[in-house]
């Protein structure tokens, strides 16, 4: 009787643990997207060139992340406008477990030149 109960319980426990690991990885990736968006947004607001902004975002973001920079700093617009950086990534599940599309944005006002 005990072996039949274990035969049902063990796969259930393994499935729950796998779901917890996928959710924890998605949480870590979301935090990395937020950090990457903040770092890149601050760099763009300071006037760093777009290649440097993307490099900073890519260094902080999860592997395979997409970085989009919009706003005054990229278009050569008026100072005092805002710059928005959006970092998005698709997290992959394991096997049949689902994945999610994660994204984070940061908006920073462009600094005025002295």
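The values are calculated or read from the model by the stated rules, or taken from the named source; none is laboratory data. Small disclaimer: the values here were computed from a predicted structure and weren't measured. For neighbour counting, all protein chains shown are included, and Cβ atoms are generated from backbone atoms with ideal geometry for every residue, glycine included.
Assorted remarks:
- Matching entry among 89, 83 (being under 18 Å from residue 24 (Cβ atoms), crowded, with 20+ Cβ neighbours inside 10 Å and either touching a strand residue (DSSP E or B) at 6+ places or on another chain (Cβ under 7 Å) or at pLDDT 90 or above (or both)): 89
A quick yes/no check of all residues on (1) surrounded by fewer than 13 Cβ atoms within 10 Å (Cβ to Cβ); (2) under 30 Å from residue 110 (Cβ atoms); (3) without any contact (Cβ under 8 Å) to a residue 12 or more places away in the chain:
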position	(1), (2), (3)
4	yes, no, yes
9	yes, no, yes
16	yes, no, yes
22	no, no, no
27	yes, no, yes
34	no, yes, no
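- For residue 70, the criteria (1) in a strand (DSSP E or B); (2) at pLDDT 90 or above; (3) more than 24 Å from residue 21 (Cβ to Cβ) hold in every case but one, which is (2).
- Test: residue in segment 40-54 that is loosely packed, with under 11 Cβ neighbours inside 10 Å, under 17 Å from residue 92 (Cβ atoms) and modelled with pLDDT of 85 or more: no
- So residue 59, is it modelled with pLDDT of 90 or more, within 30 Å of residue 112 (Cβ to Cβ) and buried (at least 19 other Cβ atoms within 10 Å of the Cβ): no
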